[in-house]
Amino acid sequence: MKILLDQDRCVASGQCVMTDPDVFDQRDEDGVAILLTPSPNPAHHTAVREAAAICPAAAIQLAEDQ
Amino acid sequence: MVIDTALSLPAARDAKCPFDPPPELRKLQDQAPLVRVRIWDGSTPWLVTRHADQRQLLTDPRLSADPTKPGYPLQVERRAVSGRGGIGFIMMDDPEHNRLRRMVTAPFAIKRVEALRPGIQRIVDDLIDRMLAGPKPADLVEAFALPVPSLVICQLLGVPYEDHALFQSHSRNLISRSSTPEVRGASFEALHDYLSSLLATKDADGDLLSQLAERVGNGELSRGDAAGIGVLLLVAGHETTANMISLGTLALLENPDQLALLRDSDDPKLVASAVEELLRYLTITHTGRRRVALADIEIAGTTVRAGEGVILPNDIGNRDPGQFPDPDRLDVTRDAGRHLAFGFGVHQCLGQPLARVELQVVYSTLYRRIPTLHRTAELADIPFKHDGGVYGVHELPVSW
């Protein structure tokens, strides 16, 4: 799985950090999401999919492994 | 299928079920995904009844949140307030909305808010101590539900709490549907002027208003826009959470099995899940998210034309059985994670991490410290905010 995060779309709601703080964090200056790891290990996949689904700005896209 | 309806908004709740959305709205949800309704000015915007459609449309950039655009379904009559601009960026579209929003999002980041938790716990404990030492019965709204979020948002913004009587009463006028346009306008002006004069006194005090004042100083932001953002954060920061505390407590008192689950658990996950479920179940933002179409949009098989108003009532979205099984049951153990109580899309509540921590601290503390808490008025005699832009109770007499 590879995560594509569109920071321009991000509205800093913090939903992704709440869902998986090991994968997502927020910039100090404006709370915009940052990726701690763009290719998280499988243990995180369920949480990352949920984070993508609940992102209010649809800023998280996932490229799943085939 | 599209049906036209004679239903006028706001619809009335069933007095016997004060926690449930108006039954007529629920009926429409059963019947069709998209209906026409009539609002106060005689216009007939669309009503989107179901959770999935509401969620999708709230992320659609072809719907505008700007109430000055023709066709926007206004909640109440609106008068332009001269020279002061609007109430912050919630009534703007991107890219300007996002530019302004990002100026105030930093203090609401998850980690920053988590760091406030011990301070919020102290505020909650102090207020409970004071209430227990005071007379019985007490009004939970006045003694506890309003002061908790007011103290917290004052600290965060850098507003003196001593002024709470002033900003609380103007906030009430501003969001009440029964205020005349004149009263609403005067209260908005008063709050705007209050924030504007506070901004003028700020000098790198480390609070959010100081940061806005600095942006005014370097030309990124006009003083008027800064004051508008201040009004938005101050009003949204205390009214909403205060209503969730008092109405949530009343809902739990009416559901003693759920209250017991919450009170007897040490699991922060259960507390967090109870907060989400109460947000879903109560959806105090009960006047619907409102938008106007900027282009023709296909919604549930029907074309909504550019310039037509669209109302997305998230209170019935959160009771959609297609999304939440047995939706009228308060169940603090359910996964309510996809509720729309904070809205959805780019305008989703920016203060939600703070609201969550405040509610988690309150719900995990109040009923443990006062296990005998009960209401002293009949449910039928408790004044609900049927006319409120935000739902709740005006007062909640309790004893212990």
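The values are calculated or read from the model by the stated rules, or taken from the named source; none is laboratory data. Here the structure is a predicted model, which is why all the values come from computation and not from measurement. Heads up: the accessible areas ignore ligands, DNA and RNA and are worked out on the full protein's heavy atoms, side chains in. Shrake-Rupley method; radii C 1.70, N 1.55, O 1.52, S 1.80 Å.
Could you check which residue among B:385, B:202, B:111 shows the biggest mean-square fluctuation in a GNM of chain B with a 10 Å Cα cutoff?
B:111
Which log10 I(q)/I(0) values, to two decimals, does the stretch A:2-63 give at q = 0.24 Å⁻¹ under the Debye formula with one point per Cα?
-0.94
Ignoring everything but the protein chains, give the 1.4 Å probe accessible area of residue B:338 in square angstrom, nearest 10.
Its accessible surface works out to 80 Å², give or take rounding.
Quick check: the angle from helix A:45-54's long axis to the longest principal axis of chain A, C-alpha only, nearest 10 degrees?
Its long axis makes an angle of about 40 degrees.
Using a 10 angstrom cutoff on alpha carbons, build the Gaussian network for chain B and name the most mobile of B:325, B:33, B:149.
B:325
Do the alpha carbons of any pairs in B:27/B:69; A:2/B:27; B:69/B:385; B:136/B:385; B:136/B:202 sit beyond 32 Å of each other, and which pairs? Let's see the in-between values first.
Values: B:27/B:69 30 Å; A:2/B:27 43 Å; B:69/B:385 29 Å; B:136/B:385 24 Å; B:136/B:202 41 Å.
Violating the 32 Å Cα-Cα cut-off are A:2/B:27; B:136/B:202.
Compute the accessible area per residue over the protein assembly as shown, keeping the other protein chains in place, probe 1.4 Å, unit Å². List each step's numbers first, then the result.
Numbers: 19210 Å² over 466 residues.
Per-residue value: 41 Å².
Using a/c under 1.5 as the rounded threshold, could you call the stretch B:291-396 rounded, prolate or oblate? The axes a ≥ b ≥ c are square roots of the C-alpha gyration tensor eigenvalues, and prolate needs a/b larger than b/c, oblate otherwise. Please report the intermediate quantities before stating the final value.
On the way: a/c = 2.18, a/b = 1.94, b/c = 1.12.
Prolate.
For the stretch B:211-330, just run the numbers: alpha carbon Rg, then divide by 2.2 N^0.38 Å, N being how many residues it has. Walk me through the intermediate numbers first.
Values: Rg = 20.1 Å, N = 120, 2.2 N^0.38 = 13.6 Å.
Against the compact-globule rule of thumb, the ratio is 1.48.
Residues of the stretch B:106-143 losing 30 Å² or more of accessible area relative to the isolated chain, 1.4 Å probe, heavy atoms only?
Residues of the stretch B:106-143 that lose at least 30 Å² of accessible area once the other chains are added: B:106, B:109, B:110, B:111.
For chain A and the stretch B:178-216, compute the distance between their C-alpha centroids and round to whole Å.
Cα centroid of chain A versus Cα centroid of the stretch B:178-216: 34 Å apart.
If you build a Gaussian network model of chain B, linking Cα atoms that sit under 10 Å apart, which residue out of B:388, B:345, B:134 swings the most?
The residue that fluctuates most here is B:134.
Taking N as the number of residues in chain B, what is its alpha-carbon radius of gyration divided by 2.2 N^0.38 Å? Don't skip to the answer; put the middle values down first.
Details: Rg = 20.7 Å, N = 400, 2.2 N^0.38 = 21.4 Å.
Against the empirical 2.2 N^0.38 Å value, I get 0.97 for chain B.
Output the residues of the stretch B:333-354 meeting this criterion: accessible area (heavy atoms, 1.4 Å probe) in the chain alone minus accessible area with all protein chains in place is 50 Å² or greater.
Buried-area filter returns B:338.
Carbon-plus-sulfur fraction of the accessible area of the protein assembly as shown, 1.4 Å probe, in percent? Let's see the in-between values first.
Details: 9970 of 19210 Å².
Summing carbon and sulfur atoms, their accessible area is 52 percent of the total for the protein assembly as shown.
Would you mind calculating the gained length between residue B:99 and residue B:132 on full extension (0.36 nm times residue separation, minus the Cα-Cα distance), in nm to one decimal? Before the final figure, lay out each step's value.
Details: separation 33, 0.36 × 33 = 11.88 nm, distance 4.55 nm.
That pair, residue B:99 and residue B:132, stretches by 7.3 nm at full extension.
Do you know which residues of the stretch A:40-66 lose at least 50 square angstrom of accessible area in the protein assembly compared with their chain on its own, with a 1.4 angstrom probe?
A:56
Can you give the accessible area of residue A:50 in Å² (nearest 10), computed on protein heavy atoms with a 1.4 Å probe?
Roll a 1.4 Å probe over it and residue A:50 shows about 60 Å².
State, in square angstrom and to the nearest 100, the accessible area buried between chains B and A, both chains counted, probe radius 1.4 Å.
Details: alone 16880 and 3990 Å², together 19210 Å².
Interface between B and A: roughly 1700 Å².
What lysines sit close enough to residue B:269 to cross-link, taking a C-alpha to C-alpha distance under 25 Å and skipping anything fewer than 8 places away on the same chain?
B:111
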